[in-house]
Amino acid sequence: MTESVKAYAKINLHLDIIGIRDDGFHNVETVMQTLSLCDTVSVILKDSKDISCECDVEGVPTDEKNIAVKAAKLYLSTVGIESGAHIKIGKRIPMAAGLAGGSTDAAATLTALNKLCGNRLTARELCDLGASLGADVPFCIVGGCSYSDGKGDILHPFPSIPENTVFVVACGGEGVSTPWGYGLMDRTYNNFTDYTPKGTENLKNALLSDSPEEFAYNLFNIFEEPVLRERPVAAKIKRIMLDAGAKAAMMSGSGPSVYGIFNNTEDAERAADIIKNNGYFAQICFPTQ
Ligand code: ATP
């Protein structure tokens, strides 16, 4: 039997660094949202004990380096099932773009395997397992809109964004590796020795008061300014979105993907077309719960 799960991309509506831990990880304060842009992850259990993987896009690792393969291995050994699995990834989320493309495939693999194995783990246990694979994995399992202020793996509810929000997610040019992004932050902010985080109160109040304008105005990403200086294509995409009428445009994660918030699908389509005509990836999408 095949279990197919949609693996949704995430964006950061707020992303700030609130300190560096003794283990070298950065503590972040973030609000994340899943979007309808997604990979499809299909999993089957098989008799032989190996984990195999295929993907329809070149450049995505299909061996043990694929985080979905790691997730399958971890799940099957944790629940003590003596079979292997085959994972098929339909890749639509741009790679190394700050959209949690790998993390969401790992989350979908855990979810699919748990269904195939009769839900042996609770949702909480599945998230705990996911956290050992990557900080974004628990959020990708849960989806919707959440706040986190640890490594990114401990989640708290956050008010929902307006349901009819129209996004364009776009990216192009050189990718960004997460370690490079954090290194750039440490250099820019002097290792956060004297940095005051912005806080999420304004964003929260905007959402609670159901104000789309205030919501768009209060997006924040500490990575944006320094990374856009190093990634001119991402800066250009942001400019195209704003010129095409986006209420706001903001980089996601450590970049280089940028999302724009639009009043309606017509404006969003116009912006996406301009970006695509420039040779970059762009897609209209909507929030998912
Ligand atoms: P995050 O936002 O979680 O930091 P990202 O969106 O910036 O991640 P990914 O798309 O996860 O970045 O890709 C980062 C690297 O992970 C890629 O360069 C790729 O080699 C590796 N990788 C491993 N598994 C996957 C996967 N299933 N999909 C995409 N990349 C993967």
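Coordinate-derived values only; no laboratory data. Given the structure is predicted, the values throughout are model-derived calculations rather than measurements. For neighbour counting, all protein chains shown are included, and Cβ atoms are generated from backbone atoms with ideal geometry for every residue, glycine included.
In order along the stretch 219-227, phi translates into HN-Hα couplings of 6, 8, 8, 4, 6, 4, 4, x, 5 Hz, rounded to whole numbers, per the Karplus curve 6.51 cos²θ - 1.76 cosθ + 1.60 with θ = phi - 60° and x for Gly and Pro.
Potential lengthening of the chain between Ile20 and Glu230 amounts to 73.3 nm, from the contour at 0.36 nm per residue minus the alpha-carbon distance.
Positive-end ranking of Gly172, Ile20, Leu228 along the dipole of the chain, with charges on Cβ about the Cα centre, is headed by Gly172.
Among the trypsin sites (Lys or Arg not before Pro) within the stretch 1-95, those in coil by DSSP and having at most 14 neighbouring Cβ atoms inside 10 Å are Arg21, Lys49, Lys65. Net charge near Ile222: determine it from the other residues with C-beta under 11 Å of the C-beta of Ile222, scoring Lys and Arg +1 and Asp and Glu -1. Overall, the nearby charge balance is -3.
In order along the stretch 189-195, the Karplus-derived 3J(HN,Hα) couplings, from 6.51 cos²θ - 1.76 cosθ + 1.60 at θ = phi - 60°, round to 10, 6, 6, 6, 6, 9, 10 Hz, and Gly and Pro are given as x.
The HN-Hα couplings worked out from phi for the stretch 156-166 by the Karplus form 6.51 cos²θ - 1.76 cosθ + 1.60 (θ = phi - 60°) are 10, x, 9, x, 5, 7, x, 4, 8, 5, 9 Hz, whole numbers, x standing for Gly and Pro.
Summing charges over neighbours of Ala135, with a neighbour being any other residue whose Cβ is under 11 Å away from its Cβ, gives -1 when K and R count +1 and D and E count -1. Around the amide H of Phe220, modelled in the peptide plane, lie the amide H atoms of His14, Leu15, all under 5 Å away and 5 or more residues distant in sequence or on another chain.
For the chain, the share of DSSP beta bridges that are antiparallel, to the nearest 5, is 85%. Averaging Cα coordinates gives a centre for the stretch 1-61 and one for the stretch 70-102; these two points are 8 Å apart.
Between amide H atoms placed 1.01 Å from N, distances below 5 Å from Ile20 occur with Asn27, all of them 5 or more places distant or on a separate chain. Summary of the geometry: the stretch 188-209 and the stretch 229-289, compared by the centres of their Cα atoms, lie 23 Å apart.
Other residues with beta-carbon under 15 Å from the beta-carbon of Thr62 carry, at +1 per Lys or Arg and -1 per Asp or Glu, a net charge of -3. Helical content of the chain, expressed as a calculated mean residue ellipticity at 222 nm, amounts to -10500 deg cm²/dmol (DSSP H runs of 4 or more residues, -39,500 (n - 2.57) each, divided by residue number, nearest 500). Of all lysines in the structure, the ones whose alpha carbon falls short of 29 Å from that of Lys65, not counting any fewer than 8 places away in one chain, are Lys6, Lys10, Lys46, Lys49, Lys73, Lys88, Lys91, Lys115, Lys151. The C-alpha atoms of the chain define a longest principal axis, and helix 101-116 lies at about 40 degrees to it.
Packing, as the average of other Cβ atoms within 10 Å across residues, places the peptides 236-243, 173-180, 225-232 in the order 236-243, 225-232, 173-180, highest first.
Less than 5 angstrom separates the built amide H of Val166 from those of Phe262, all sequence-distant by 5 or more or on a different chain.
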